[in-house]
Every structure is written in structure tokens, then in C-alpha cells.
1. Filter the stretch 87-103 for residues that are within 26 Å of Lys16 (Cβ to Cβ) and either touching a Phe, Trp or Tyr at 6+ places or on another chain (Cβ under 7 Å) or without any contact (Cβ under 8 Å) to a residue 40 or more places away in the chain (or both) and give the result.
2. Can we say Gln189 is among the polar types (S, T, N, Q), free of Cβ contacts under 8 Å to residues at least 12 places away in the same chain, surrounded by fewer than 14 Cβ atoms within 10 Å (Cβ to Cβ) and under 27 Å from Lys115 (Cα atoms)?
3. Which residues, counting only those in the stretch 104-123, are of a type in the set (Gly, Ala, Ser), over 16 Å from Lys50 (Cα atoms) and in contact (Cβ under 8 Å) with a residue 12 or more places away in the chain?
4. Can you find a residue that is free of Cβ contacts under 8 Å to residues at least 60 places away in the same chain, in a loop (DSSP other than H, G, I, E, B) and among the charged types (D, E, K, R) anywhere in the stretch 155-177?
5. On the basis of being out of contact with any strand residue (DSSP E or B) (no Cβ under 6 Å at 6 or more places or on another chain), modelled with pLDDT of 95 or more and closer than 22 Å to Gly68 by Cα, does Ile192 make the cut?
6. Kindly evaluate Asp11 against the criterion of being of a type in the set (Asp, Glu) and in contact (Cβ under 8 Å) with a residue 24 or more places away in the chain.
Amino acid sequence: MTDGIKLLDIDEELKKKDFRVAIFGSARVKTGSKVYREVFELAESIGKRKIDVITGGGPGLMEAANAGHAAGDAAQESESIGLNIELPFEQSANKYVEIEKDFANFSERLDTFMKLSNVFIVTPGGVGTMLEFFFTWQLLQVKKMGYKPIILVGEMWEKLIHWVIDYALKDGLISSSDFDYIYIVKNNQEAIRLIDRFKDQFDADGECKPIDKEELKKIV
């Protein structure tokens, strides 16, 4: 738990040129559940690496990510950012957020995720999480932002990608190159190895780039 929440200044944050990982996930997952613990542990590993994390700032897996990051970065050498959406139900900022910004609408909130994040991790979630995933993927597809990888964690996303392949790809509605942004992992260890790889590349070049198939085989 943090001593006090600071308000996010987006322009000042962007000037820092920090490497940031966004974690998307359900607000409805209960504390103590298996997936909550998994997301907590993933974010804890990110915090130990002094990498900034960005979430939707709310309960469920967003809380798990902010809480895990706080546990991993006890000295607060990196930032835990919450982009909270104002809703008539369900969501208020969780107590583990260090830097917060509230949004009245989803579009501005999504745009802020896109501006600040270098890597996107998608954990189990419902309509909101799917919106975040597909919004990110669509902007990458049409090159409205530079290369930023999407890491999908868990079986539900693997099945969704198979559905996209079976229908949208086979019918020619998307291109095979659109999948260059997508990395499917089975567990936290694979996700962290990818994050480490992209962080090293970011430190060297100031941006992320696709991982070719041969290198990817050595990582996941």
C-alpha cells in the first residue's frame, strides 16, 4: 500500500522515456483466486526488475497487478500507475496505485494506455479486457503507433486467436503479418522472459521490435 497517490501528468510522464508494461485484466476476479495470485506474481516479478506497470487502477486483476508490483518494488524505485474509469458501479481506484488519473470516457483512457505503454500483457477478462486487447491490436495493425508487443497469458486467449485464424485469416479479412504483434504464453515465466527481451531491446534502441521465430523458440 502506498503512502499517498500522486496525480498523473501525462506529458511529464512521457518525458521520462521509461519502459512501461500495461497489464489488462478482469475487475471481477476475487482476491485469493488462482488467477489473482498468478497476476500478482507476474507483476511482482516486474516490480523486482524496477519496471513501471500500468493498469486500469480498479479491483480484481488490476488490483492484483498493482499489489504485486508494490510487493516486488518495496523501495518504490519504479512506478505503479492506475488509469481509472469513472463508472456508476464496480470500480474505484485500488489502494496499491501510486500514480492515478481518472477518466470519464473509455476512449481517452485507451489512448493514454497506448501513449504510455511499451508492452501490453493481456490476462483473463471479459468485454472490457477484450476491448483493450482488440483496440491495441487494431492500432498496431494500421500502424497508428510503433511496434509494441501484445503478450497474451492463458488458455482463453489462445483459443480466441485460433478462432481469429479459422475465420478472419482464412477468409482473407486480416493478414498473417498482423500476428507479428501477438505472443501467446502459457505461464508467468514465459511472459517474464519476453518482457526481459523487450526491455533489453528498448534500453539499446529506444523501441521494441518483433522477435523472429528461431529466437522465440529459445524464449518460450
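The values are calculated or read from the model by the stated rules, or taken from the named source; none is laboratory data. Note that the structure is a prediction, hence the values are computed from the model and not measured. Cβ atoms come from the backbone with ideal geometry, glycine included; neighbour counts cover every protein chain shown.
1. Selection gives Asn94, Asp102, Phe103.
2. On the way: among the polar types (S, T, N, Q): yes; free of Cβ contacts under 8 Å to residues at least 12 places away in the same chain: yes; surrounded by fewer than 14 Cβ atoms within 10 Å (Cβ to Cβ): yes; under 27 Å from Lys115 (Cα atoms): yes.
The answer is yes for Gln189.
3. We begin by selecting, within the stretch 104-123, every residue of a type in the set (Gly, Ala, Ser); these are 104, 107, 117.
Checking the rest, the ones that are also over 16 Å from Lys50 (Cα atoms) come to 104, 107.
Listed by number, the list holds a single entry, Ala104.
4. yes
5. On the way: out of contact with any strand residue (DSSP E or B) (no Cβ under 6 Å at 6 or more places or on another chain): yes; modelled with pLDDT of 95 or more: yes; closer than 22 Å to Gly68 by Cα: yes.
Yes.
6. no
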